[in-house]
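Structure, as structure tokens:
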Amino acid sequence: MSDKVYTVNQVATLLNLKPETVRTYCTRGKIRALKVGGEYRIPKRDLEKWVEASKRKFAYRSRGGTEFKVEICKLSELGTQNPSFFYISSSKGDSFFFELYISPEYLRDRDIELTDRLKIVYDALEQDVREPKRIEVLPSGIYYGDIVPDIEF
């Protein structure tokens, strides 16, 4: 797990918010933060927990002009077998889920940020993926697979 911390301005840029809004969230305890030298510092995992709990939606416009809202439903702890889940809705009226799995082997010598996870989702949208998919990030590349429910016979 990373010990990375963000400044108020970094979080504001990442979440497309005003720095004053992020400061207010920290002051009110909505985002867990530490005060260092009079300035707030937000630990990476606490920011991720808040983004997940608040159901924050990220706007994304594809090169083709389609507008998407990407909601983080679950951010898994990196290095585990558990995937993260994203709910995507488009301006064309369709909606679907992505399941994102980043392998522990891929994570060696890499510090994956929230923006990196979102970029993987955005790249899938640019690839015209418009249905539920499992996105696997492995050292050999990124692969898209169907999400198949567990069925017992």
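Annotations for the structure displayed:
- Single residue of the stretch 97-119 satisfying the filter (under 17 Å from ALA59 (Cβ atoms) and in contact (Cβ under 8 Å) with a residue 12 or more places away in the chain) that is surrounded by the most Cβ atoms within 10 Å (Cβ to Cβ): PHE98
- Exclusive hit being of a type in the set (D, E, K, R), closer than 27 Å to LYS44 by Cα and touching a Leu at 6+ places or on another chain (Cβ under 7 Å), set ARG117, ARG110, ARG134: ARG117
- Residue among LEU14, LEU78, LEU47 that is at pLDDT below 90, surrounded by 14 or more Cβ atoms within 10 Å (Cβ to Cβ) and outside the structural domain of LEU118 (by TED's automatic domain parsing): LEU14
- Evaluated against (1) free of Cβ contacts under 8 Å to residues at least 24 places away in the same chain; (2) closer than 30 Å to PRO139 by Cβ; (3) surrounded by fewer than 16 Cβ atoms within 10 Å (Cβ to Cβ), GLU52 falls short on exactly one condition, (3).
- Looking at SER76, SER95, SER140, SER89, just one residue is closer than 25 Å to ASP3 by Cα and among the hydroxyl-bearing types (Ser, Thr, Tyr), and that residue is SER76.
- Residues (closer than 21 Å to GLU113 by Cα and either within 20 Å of the chain's Cα centre (by Cα) or among the acidic types (Asp, Glu) (or both)) located in the stretch 27-46: LYS30, ILE31, ARG32, ALA33, ARG41, ILE42, PRO43, LYS44, ARG45, ASP46
- The set of residues from the stretch 120-146 being surrounded by 13 or more Cβ atoms within 10 Å (Cβ to Cβ), more than 23 Å from ARG56 (Cα to Cα) and either outside the structural domain of THR66 (by TED's automatic domain parsing) or among the aromatic types (Phe, Trp, Tyr) (or both) comprises just one member, TYR144.
The values are calculated or read from the model by the stated rules, or taken from the named source; none is laboratory data. Bear in mind the structure is a predicted one, so any value in this text is a computation, not a measurement. Neighbour counts run over all protein chains shown; Cβ positions are idealised from the backbone, glycine included.
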